[in-house]
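Shown next, in structure tokens, is the structure this report addresses.
The values are calculated or read from the model by the stated rules, or taken from the named source; none is laboratory data. Quick caveat, the model's predicted, so the values are computed rather than measured. When the accessible area is computed, the model is the full protein with side chains, heavy atoms only, and any ligands, DNA or RNA have been set aside. Shrake-Rupley method; radii C 1.70, N 1.55, O 1.52, S 1.80 Å.
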Amino acid sequence: MKFFLDTANVDEIKRINELGLVDGVTTNPTIISREGRDFEEVVKEIASIVEGPVSAEVIGLTTEEMVKEARVLAKWAENIVVKIPMTEDGLRAVHLLSKEGIKTNVTLIFTVSQGLMAAKAGATYVSPFIGRLEDIGVDGVALVENLRELFDFYQLEAEIISASIRSLKHVEEVAEVGSHIATIPGTLFPKLWSHPLTDNGIATFLKDWEAFKK
Ligand code: E4P
């Protein structure tokens, strides 16, 4: 599974990218607004830090508006992927953009059929929202598992980005069911390599070493 960072905070991105762990970045208007920076400036900076795909979302809701914005976004850097909401207009935009060779990430996927429609329309990535599904009592991991099975069975090329990830358990579970990618908030990512027993173990080793040296 590939690991994306779900943040627009360049300090978080640089820190984790230096460990060789960042395969890509996803943003959305909420994530961008948290940084209080110019949209174009921050997206271009992220795209220059990471080699992998960087998702930037359109704001328009009509096909015409989305396609127009997408063409601009795609010119900002070679690794930009245009994030498009899962609507009828969005699907039409995805289809048009795929014919122009512009990569898309269809966001706000909550059902198997939405995922299938996005993949069939020509999306490069589809993003099922795990946490938001769990908020309404629906099993988001099962959605990822079903999508992976169907994409393989019907040989659909789109890759699944498990999004709205809220916990380490989510990351491990979507990995187990074959998500191609998990996009993980910058604050959660360090938990992937941490454990209190590791910290305790280091402290004990050092304490014992100091006692031995005396
Ligand atoms: C990423 O592509 C999504 O926009 C993001 O993971 C949504 O996360 P949230 O449900 O925690 O806002």
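Hey, if you drop one equal point scatterer on each alpha-carbon of region 47-110 and run the Debye formula without solvent, what base-10 log of I(q)/I(0) do you get at q = 0.14, 0.21 Å⁻¹? Log-scaled intensity ratios, in q order: -0.34, -0.74. Under 14 Å of direct C-alpha separation, and excluding same-chain neighbours fewer than eight residues apart, Lys68 reaches these aspartates and glutamates: Glu57, Asp89, Glu100. Close amide H pairs (under 5 Å, H built 1.01 Å from N) link Ile184 with Phe4, Leu5, Asp6, residues at least 5 positions away or on another chain. Summed over qualifying helices (DSSP H, 4 residues or more, each -39500 (n - 2.57)) and divided by its residue number, the chain shows a 222 nm mean residue ellipticity of -15500 deg cm²/dmol. Solvent exposure of Met117, expressed as accessible area, is near 100 Å², computed with a probe of 1.4 Å over the protein chains only. Carbon-plus-sulfur accessible fraction, region 2-213 (probe radius 1.4 Å, protein heavy atoms only): 54%.
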